[in-house]
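Here is the structure we will look at, set down as structure tokens.
The values are calculated or read from the model by the stated rules, or taken from the named source; none is laboratory data. Note that the structure is a prediction, hence the values are computed from the model and not measured. Neighbour counts are summed over all protein chains in view; Cβ atoms, including those assigned to glycine, are modelled from backbone coordinates with ideal geometry. These area figures cover heavy atoms from the full protein model, side chains too; ligands, DNA and RNA do not enter into them. Shrake-Rupley method; radii C 1.70, N 1.55, O 1.52, S 1.80 Å.
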Amino acid sequence: MTDNIELTHQQARAFRPDKLSPPRDFLVPNIIGENKDNVPLILEVGAGKGKHALSFAAQNADKHLIAIERTRNKFEAFAKLATMQNASNLDAIHADAIAWIVHAIAPNSVAKIFILYPNPEQHNPNQQWLNMPFFEFLLSRLQVGGEVTLVTNIEAYMDNAEQQATDTWSLPNERYQVIDDSQRTHFEVKYLARGETCWELCMQKPEGYKTRFDDWQVDAVNQKIA
Ligand SMILES: C[S@@+](CC[C@H](N)C(=O)[O-])C[C@H]1O[C@@H](n2cnc3c(N)ncnc32)[C@H](O)[C@@H]1O
């Protein structure tokens, strides 16, 4: 099993984390260096205006969520609400998630990753998350038994993600239809109100999983703590 896992995705073009500079004004949240109580660390990639992040943090006091959004106006709306909510278990980060994760997150340290309604990238499928070499790096940050949850309203995106999860990434996975009254994100509310079907893919990192980045970490001396 381990041999197959190594063979499938290790034949893919490798991501180059060494080529990425830290995001502008890069700061590492306290939780990264000081997680003495081993609080489960959760990541959300492309958090939008933060609807899911804010309610997840409120409902999961025993977990710490780092929610990353690249688009300035969405991030500003999110940051404003996060400041009002003042949750100690939530960090709202304005950055490109790829560069930020490369510079901030240690291997084998994340319990769960949410990617909720990513940009469809229908004309640029190599930018879909499971088609990117970065996905291998993302998996290296996940703990064994950790999960990636991907949700989309685009059936073709989900079909491809499901196939890639199995064939390229060798991840046990399950696909569900999102229930009609789910309201986790602004995009989810919009799509379900229009009567569209939304799909969810839950992938798990199995025991013995290997990536080419399991020992790769930015030199901690260069990191600034928030
Ligand atoms: C379609 S929106 C969905 C937002 C939110 N998850 C929701 O469901 O309401 C996708 C979001 O992902 C963000 N995004 C895309 N690529 C990103 C990246 N590399 N780093 C951070 N955010 C990213 C975009 O800025 C956009 O806000």
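Residues in the range 170-193 that are among the small types (Gly, Ala, Ser) and more than 21 Å from Val148 (Cβ to Cβ): 1 in all.
Of the residues making up the range 134-151, just one is more than 14 Å from the chain's Cα centre (by Cα) and of a type outside the set (A, V, I, L, M, F, W, C), namely Gly145.
Listed by first and then second residue, the pairs with beta-carbon distance under 8 Å, at least 6 apart or on different chains, first residue in the range 174-186 and within 11 Å of the ligand (Cβ to nearest atom), second open to solvent by less than 100 Å² (accessible area, probe 1.4 Å) and of a type in the set (S, T, N, Q), are Arg184/Ser55.
Give me the pairs, please: first residue somewhere in the range 108-135 and within 25 Å of Lys51 (Cβ to Cβ), second residue anywhere and small (Gly, Ala, Ser) and open to solvent by 20 Å² or more (accessible area, probe 1.4 Å), beta-carbon distance under 6 Å, and either six or more positions apart or on two chains. These pairs meet every condition: Pro118/Gly46. The number of residues in the range 90-120 being near the ligand (Cβ under 7 Å from one of its atoms), over 17 Å from Phe15 (Cα atoms) and surrounded by fewer than 20 Cβ atoms within 10 Å (Cβ to Cβ) comes to 2. Scanning the range 57-71 for residues that are outside any strand (DSSP E or B) and within 12 Å of the ligand (Cβ to nearest atom) turns up Arg70, Thr71.
Tell me, which residue of the range 30-52 that is within 16 Å of the ligand (Cβ to nearest atom) and in a loop (DSSP other than H, G, I, E, B) is most open to solvent (accessible area, probe 1.4 Å)? Only one residue tops the list, namely Lys49.
Answer with yes or no whether Asn60 is touching a helix residue (DSSP H, G or I) at 6+ places or on another chain (Cβ under 7 Å), modelled with pLDDT of 95 or more, closer than 23 Å to Ile31 by Cα and of a type in the set (S, T, N, Q).
So Asn60 does not fit the description; no.
For the range 122-133, the tally of residues that are open to solvent by less than 60 Å² (accessible area, probe 1.4 Å) and assigned to a loop (DSSP other than H, G, I, E, B) stands at 3.
From the set of residues in the range 192-226 that are open to solvent by less than 80 Å² (accessible area, probe 1.4 Å) and of a type in the set (Val, Ile, Thr), which is modelled with the lowest pLDDT?
Val218
Can you name every residue in the range 137-187 that is open to solvent by 60 Å² or more (accessible area, probe 1.4 Å) and assigned to a loop (DSSP other than H, G, I, E, B)? Residues satisfying the conditions are Pro172, Ile179, Asp180, Asp181, Gln183, Arg184.
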